[in-house]
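To start, the structure under review is shown below, and the notes come after it.
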Amino acid sequence: ETELPNLIFMSTTVARGSGLGVVYGTGLNTQFGHVYSLSSQVKERLSPLQLELATMAKAVSSAAIVIGLIMFAIGHFLGLTLIENLLFALGVMVALVPEGMPATLTVSLAFGVSFMAKGKVLIKRLSTLETLGATTVICTDKTGTLTRGQMTMVEVYAGAKRYHVTGTGYKPTGNIEDADGKKISIPDDSLLEAIKCAALCTTARLVPPQKADEEWHVIGDPTEGALLTAAAKIGLTAEELANKYPRFALLPFDSGRMRMTSINKIGDSYIAYVKGAPTSVIERCTH
């Protein structure tokens with residue numbers, strides 16, 4: 001299909017910038033609905049275990065029928081009556097069928113499901129467990145699966161001085177230390193302005209945990225979340241800064257400018273706070 005760059009899809013998270021959207025499709029008329037329509041047409045396939053059981057069942061059934069016919073023929077030559085011969089052949093055929101196998105498989109898979117449940121993995125169908133065990137290749141997205149998808153500021157260079165930031169993740173616990181490892185209680189003007197610029201030039205939001213098992217997380221760009229966390233470590237919160245320095249205009253980051261600009265009102269003046277790629281920002285600096 002033709003790419004439509006002016007569309008955003010349902011469940012899209014806006015990481016930066018703002019805009020006005022108009023809903024033009026719902027339900028099956030959305031892209032998610034299109035994906036659902038395609039997935040609903042996919043026929044359910046048998047698991048490897050079910051295929052093996054079907055093959056074994058055919059083999060056992062064929063063997064039982066052949067052996068039953070042989071036993072029927074032997075009984076006929078032995079002079080058995082028709083009823084006795086049929087019962088004898090049917091008895092041999094039934095004896096060849098492993099009647100306890102379904103129960104054994106069910107119990108084995110149930111134990112596996114119970115073990116997976118302890119690892120917080122919910123399995124709806126027992127046969128799915130064996131399919132998972134037969135998996136040899138897993139294709140997965142790295143961020144959020146193998147990594148936590150969190151950014152953390154670890155160093156700041158301001159006023160010709162280098163500072164180290166302690167703490168990881170989005171929880172605003174940690175300190176800003178100087179080159180000698182001494183905690184900065186009162187940041188100097190250069191450091192304060194650098195952190196303030198970083199915190200004001202964002203559209204992200206830090207969200208504290210709402211439940212006991214939750215962690216601090218960010219709504220928006222992970223890098224901006226790291227900047228807000230660093231600001232919170234010296235007592236600058238996004239809410240306080242927004243109230244003290246209200247935003248007048250915002251130029252969101254884009255690949256052309258390679259920088260983001262937030263124009264904030266301070267008293268009767270307006271100051272443009274800029275962050276972005278070093279090559280784009282430094283070449284416009286005079287000091």
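The values are calculated or read from the model by the stated rules, or taken from the named source; none is laboratory data. In this text, all values refer to a predicted model and were calculated from it rather than measured experimentally. Please note: Cβ atoms are built from the backbone with ideal geometry, for glycine as well, and neighbour counts cover all protein chains shown. When the accessible area is computed, the model is the full protein with side chains, heavy atoms only, and any ligands, DNA or RNA have been set aside. Shrake-Rupley method; radii C 1.70, N 1.55, O 1.52, S 1.80 Å.
With log10 I(q)/I(0) by the Debye sum over Cα atoms at q = 0.07, 0.09, 0.13, 0.14 Å⁻¹ in mind, check [x] -0.22, -0.37, -0.80, -0.94; [y] -0.32, -0.53, -1.08, -1.22; [z] -0.54, -0.72, -1.08, -1.15 and report the label derived from this structure. Entry [z]. Each DSSP beta bridge with both residues in the chain is either parallel or antiparallel, and the antiparallel ones are about 95%. Pairs exceeding 30 Å between alpha-carbon atoms, taken from Lys120/Lys233; Lys171/Lys196; Lys58/Lys118; Lys182/Lys211: Lys120/Lys233; Lys58/Lys118; Lys182/Lys211. Here the sum of -39500 (n - 2.57) over DSSP H runs of 4 or more residues, divided by the residues of the chain, equals -13000 deg cm²/dmol at 222 nm, to the nearest 500. Computed from Cα atoms, the angle from the helix 222-232 axis to the main principal axis of the chain rounds to 50 degrees. Inter-label distance, Leu46 to Ala160: 7.9 nm, where each label sits 7 Å from its Cα along the C-beta direction. Carbon-plus-sulfur accessible fraction, the chain (probe radius 1.4 Å, protein heavy atoms only): 62%.
So, R0 is 35 Å and r is the distance between the beta-carbons of Arg125 and Ser11; what FRET efficiency does that work out to, to 0.05?
Working: r = 27 Å, r/R0 = 0.77.
Between Arg125 and Ser11 the formula returns 0.85.
Phi-derived couplings, Karplus 6.51 cos²θ - 1.76 cosθ + 1.60 at θ = phi - 60°, listed residue by residue for region 29-44: 7, 8, 5, 4, x, 5, 5, 4, 4, 5, 5, 6, 8, 6, 7, 6 Hz, with x used for Gly and Pro. Neighbours of Thr131, meaning other residues whose beta-carbon lies under 11 angstrom from its beta-carbon, give a summed charge of +1 when Lys and Arg score +1 and Asp and Glu score -1.
Computed extension length for Ala179-Ser114: 18.1 nm, one decimal, from 0.36 nm per residue of separation with the Cα-Cα distance subtracted.
Under 17 Å from a point 7 Å along the Cα-to-Cβ line of Ile266: which residues of region 192-220 have their amide N that close? What the label zone holds, given the 17 Å backbone N cut-off, is 192-202. Computed from backbone phi, the HN-Hα couplings of region 208-215 come to x, x, 9, 10, 5, 8, 9, 10 Hz, rounded to whole numbers (Karplus: 6.51 cos²θ - 1.76 cosθ + 1.60, θ = phi - 60°; Gly and Pro given as x). Reducing region 146-181 and region 23-44 to their Cα centroids gives an inter-centroid distance of 44 Å.
Net charge in the neighbourhood of Val107 (other residues with Cβ under 15 Å of its Cβ; Lys, Arg +1, Asp, Glu -1) is -2.
Peptides 28-39, 89-100 ranked from most to least packed by the mean count of surrounding Cβ atoms within 10 Å: 89-100, 28-39. Segment Asp141..Leu96, full-extension length gain: 11.3 nm, with 0.36 nm per residue of separation and the alpha-carbon distance subtracted.
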